[in-house]
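Read the structure below first, then the notes.
The values are calculated or read from the model by the stated rules, or taken from the named source; none is laboratory data. Remember, it's a predicted structure, so these values are computed and weren't measured experimentally. Reconstructed Cβ throughout: ideal geometry from the backbone, glycine too, with neighbour counts over all protein chains shown.
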Amino acid sequence: MIEPNRDAPASQDPQRLLQKEAQFWDLQEEKIDSLYARPHDWRFVPKIAEKIIQPRVDTLLRLLDTHKGKIKSLVDIGCGNGWLCHATAKRGIHSIGIDLSPKKIATARRMAQEQGIADRCEFVAGDVMTWAPKHKVDLLTSHGSLHHFPEFQKALDHMVEHHLKPDGLMLFVEPNHEGMAPEVAQFLLKYAQHPFWKRFFDIEFYLEVTGKKTLEGPEGAVDEMNVRHESPAGKEFFGEHIELDAFFSAHFDVIERHFYHYFSSHATNAFYVFMKSKLIRGLWRLALPWIVRRDTRLLRDPKYQQYAEDGLWFMRRKAPPA
Ligand SMILES: C[S@@+](CC[C@H](N)C(=O)[O-])C[C@H]1O[C@@H](n2cnc3c(N)ncnc32)[C@H](O)[C@@H]1O
């Protein structure tokens, strides 16, 4: 392994960035209880997160069922606490999860034991780029992890070449857009500034989380080890502005693609996570399934897709030219 250059900023030294990334996710796992205790994002409110991610889980399960005979093994890249491997192992798929963070991997192994599926799961702590799997698999998955890889294209080429069978499939869920749709941003800002509504929002907590000085101002510099914020490698990726949909379409044969969350996720932060009024939080919670359905329908229209927060791409290698 190449030694990191401690004098260079992490962004200029891939080894150092990787080391920072592993520390970030270890730290996040250590502090995970406090993130759930005071959520800064809908992802840390389990009952809300379940409703918001339901459409993509439905798509994932439908695709696994449709291709059941073909998918016997998978590698989940950047598996975190292993939830995806646990779900696929329960469907009889031999599921291997790899993650940089030893603490996340320890949690993934413990949860597999608790759920009685440890015999169908394998968890590896390490860097996907230096890991040599024993066998190639039928499916490569990533749920929100690919955008944490420095040198994204090189990393993806490496995984496809070394981990995936020649006729294997890929199923990736990744951020599709780094911010909210402009109309959604305007709508939320308008209400957050209104004198009547202003008293309902926990604006101080919002400013603390985003590092902003004012509501309209740009995001401020946030300490790179602030586990409420984007990880060091995630920040680098967004700096590069890679358009994943264009990238995947150019490199692979896209069998299905779907987009999620135009309004439901960002507005949930505003009307639930940063909302002080219990009544409004309750009403938002009740209305959420309808809002999510509306979002999912809206995002079948290509005009809105570019601003969807997340995308799901189901793909295989391109056939070689005849
Ligand atoms: C946003 S988290 C997603 C975790 C999980 N897939 C989920 O849905 O909860 C990104 C994960 O990618 C992992 N990761 C980043 N770079 C990696 C690398 N080079 N090799 C393995 N894992 C990596 C991080 O440790 C982190 O746990």
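Looking at segment 100-120, can you tell me whether even one residue there is modelled with pLDDT under 95 and small (Gly, Ala, Ser)?
No; the residues of segment 100-120 include none that is modelled with pLDDT under 95 and small (Gly, Ala, Ser).
Would you say Asp127 is within 14 Å of the ligand (Cβ to nearest atom) and surrounded by 16 or more Cβ atoms within 10 Å (Cβ to Cβ)?
Yes.
Out of all the residues in segment 165-199, which are among the β-branched types (Val, Ile, Thr) and at pLDDT 85 or above?
Val173
What tally of residues in segment 107-130 results from selecting those that are assigned to a helix (DSSP H, G or I) and touching a strand residue (DSSP E or B) at 6+ places or on another chain (Cβ under 8 Å)?
Residues meeting the conditions: 5.
Would you tally the residues in segment 154-177 being under 21 Å from Pro55 (Cβ atoms) and under 18 Å from the mean Cα position of the chain (by Cα)?
Residues in segment 154-177 being under 21 Å from Pro55 (Cβ atoms) and under 18 Å from the mean Cα position of the chain (by Cα): 8 in total.
Of all residues in segment 58-86 being touching a residue at least 12 places away in the same chain (Cβ under 8 Å) and of a type in the set (Gly, Ala, Ser), which is farthest from the ligand (Cβ to nearest atom)?
Ser73
Of everything in segment 250-299, what is farther than 26 Å from Leu35 by Cβ and out of contact with any strand residue (DSSP E or B) (no Cβ under 8 Å at 6 or more places or on another chain)? Give them in sequence order.
Scanning segment 250-299 gives Ala250, His251, Trp290, Arg293, Arg294, Arg297, Leu298.
Taking segment 138-153 as the region of interest, how many residues are over 12 Å from the mean Cα position of the chain (by Cα) and within 11 Å of the ligand (Cβ to nearest atom)?
4
Residues checked against (1) out of contact with any His (no Cβ under 6 Å at 6 or more places or on another chain); (2) hydrophobic (A, V, I, L, M, F, W, C); (3) buried (at least 18 other Cβ atoms within 10 Å of the Cβ):
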residue	(1), (2), (3)
Tyr36	yes, no, no
Ala49	yes, yes, no
Ile53	yes, yes, yes
Arg56	yes, no, yes
Arg62	yes, no, no
Asp65	yes, no, no
Lys68	yes, no, no
Lys72	yes, no, no
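For segment 244-280, which residues satisfy the criterion of being surrounded by fewer than 16 Cβ atoms within 10 Å (Cβ to Cβ), farther than 26 Å from Arg62 by Cα and free of Cβ contacts under 8 Å to residues at least 24 places away in the same chain?
Lys278, Leu279
Checking the conditions here, which among Val209, Val173 is in contact (Cβ under 8 Å) with a residue 24 or more places away in the chain, over 30 Å from Ser95 (Cβ atoms) and among the β-branched types (Val, Ile, Thr)?
Val209
Right, Glu230: within 16 Å of the ligand (Cβ to nearest atom) and either loosely packed, with under 15 Cβ neighbours inside 10 Å or not basic (Lys, Arg) (or both) or not?
Yes, satisfied.
Of the numbered conditions (1) farther than 22 Å from Asp310 by Cα; (2) away from the ligand (no atom under 16 Å from the Cβ); (3) of a type in the set (Asp, Glu), Glu183 satisfies every one except a single condition; which is it?
So the condition that Glu183 fails would be (1).
Among the numbered criteria (1) away from the ligand (no atom under 11 Å from the Cβ); (2) of a type outside the set (Val, Ile, Thr); (3) at positive phi, which single criterion is violated by Lys90?
Only one criterion is unmet by Lys90, namely (3).
For segment 213-295, which helices (runs of 4 or more DSSP H) that fit wholly inside it have 2 or more residues that are more than 18 Å from the chain's Cα centre (by Cα) and under 30 Å from Pro321 (Cβ atoms)?
So the answer is 244-251.
Based on what the data block shows, is Thr141 assigned to a helix (DSSP H, G or I) and among the β-branched types (Val, Ile, Thr)?
no
Within segment 159-175, is even one residue in a helix (DSSP H, G or I), buried (at least 19 other Cβ atoms within 10 Å of the Cβ), within 16 Å of the ligand (Cβ to nearest atom) and of a type in the set (A, V, I, L, M, F, W, C)?
Yes, the conditions are met somewhere in segment 159-175.
Cβ-Cβ under 8 Å, sequence separation 6+ or interchain: first residue in segment 123-152 and within 18 Å of Val57 (Cα to Cα), partner more than 8 Å from the ligand (Cβ to nearest atom) and of a type in the set (S, T, N, Q). Which pairs?
Every condition considered, the pairs that remain are Leu139/Ser73; Thr141/Thr88.
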